[in-house]
Structures are given as structure tokens and as C-alpha cells.
Amino acid sequence: MRTKETLIWRGLLAVCALTVATLLITAVPTYAQSTPDKPAEQKGANDKREAVPQRIDEIAETGRLLTGPAANPECVWLGRRVLARMWADDLDTAFRHLDLYDRFGCPGGHIQATFRCLVRQGEPADPKAPDALNKRIHACWINPSSQPPAPAAAARTPEQGTSGTTTR
């Protein structure tokens, strides 16, 4: 009887060893493929380092051009984030930022006027430009009553005396 039980246990042990070996072999290639590229990470870090002085300059410019609480650096910083999240339809995050914005005593009316300015302008001119929306938010933050640029078709008017049609 012992020999039969011994054979069964040895068979189970062999199956378990084979299963573990299979799992280890299949996990190694997956682990090797998931390693991130170092140069891409370093490039992204350099982009962030270059963007920080630009943001600081924009906040300082806003402080020189505006008066009141809307010119405070914390109001500019939080307000721009609220507007970007609202534009991206990420309202949950926008409301969390808006709570902080209100807590710092920043003017809620300025957010409304700036978002109205953004909506009147429509989609950013170049969606492939990553900074296009930030530039529009900055311009509208400084002057929320600015009017959107006239469309190119409306800017061109037919000359007097022509009907605007041609004959072929």
C-alpha cells in the first residue's frame, strides 16, 4: 500500500513542480518587456523643468497686469487649473480645485468670466500644440472680456460691383 501512496504523492509533486516551472517561465518574458525606457523619462523631466520658469513668468505677468485678488499668484495658479479641467470636462477634479480656489479667497466671478471667454473662442486653434489651451486660458484670465478673433471667411468680403459668383 505504501508504494501506491508513494507513487501518487510523487506524481502530485511532479505536477506541482511542472506548474511552478511553467509559471516562472511565462512570467520572465513579461517582466523583461515591461521595463520603461530611461531616455523618454529624462526627456519628460527636462520638459517639465523648462515649463516651470515659463509658468512663473506668466503668473508674474498676471500680477503686473491685474489688480485685486484675481492677480494673487495662488488664485492664478488654482484658477488656471480649474479652467483647464472644466475645458477637458473633468468636472470632479475642477470642483475640487474650485473648493481650494474659494478657500484662498479668490474671486469666483473671475472664473466664470474667464470660462465664458474660453467658450466664446471655441476650440483651440491647433489641437496638436500642447500649450495652445494654456495660452488661451492665460489671455482670457488677463482680459476676460476679450472678443474672439473674427473667422477668416467673415473677414473677406467681396469687392463692390461683383456678385461673388463666376461663370464657367
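The values are calculated or read from the model by the stated rules, or taken from the named source; none is laboratory data. Keep in mind that what you see is a predicted model, and the values were worked out from it rather than measured. Here the Cβ is made from the backbone with ideal geometry for all residues, glycine too, and neighbour counts use every protein chain on show.
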Checklist outcome for this item: Residues of segment 77-89 being surrounded by 13 or more Cβ atoms within 10 Å (Cβ to Cβ) and farther than 15 Å from residue 136 by Cβ, in sequence order, are 77, 78
Item to check | Count of residues meeting criterion [part of a helix (DSSP H, G or I) and under 24 Å from residue 54 (Cβ atoms)] in segment 114-142 | outcome: 16
Checklist entry - Pairs, please: C-beta under 6 Å, at least 6 apart or cross-chain, first residue more than 17 Å from residue 144 (Cβ to Cβ) and charged (D, E, K, R) and in segment 48-69, second surrounded by fewer than 11 Cβ atoms within 10 Å (Cβ to Cβ) and at pLDDT 80 or above? => result none
Checklist entry - Is at least one residue of segment 34-52 touching a helix residue (DSSP H, G or I) at 6+ places or on another chain (Cβ under 7 Å), among the small types (Gly, Ala, Ser), within 30 Å of residue 103 (Cα to Cα) and modelled with pLDDT under 80? => result no
Checklist outcome for this item: Here the qualifying pairs (Cβ atoms under 6 Å; residues six or more apart or on different chains; first in segment 3-30 and assigned to a helix (DSSP H, G or I); second modelled with pLDDT of 75 or more and surrounded by 10 or more Cβ atoms within 10 Å (Cβ to Cβ)) come out as none
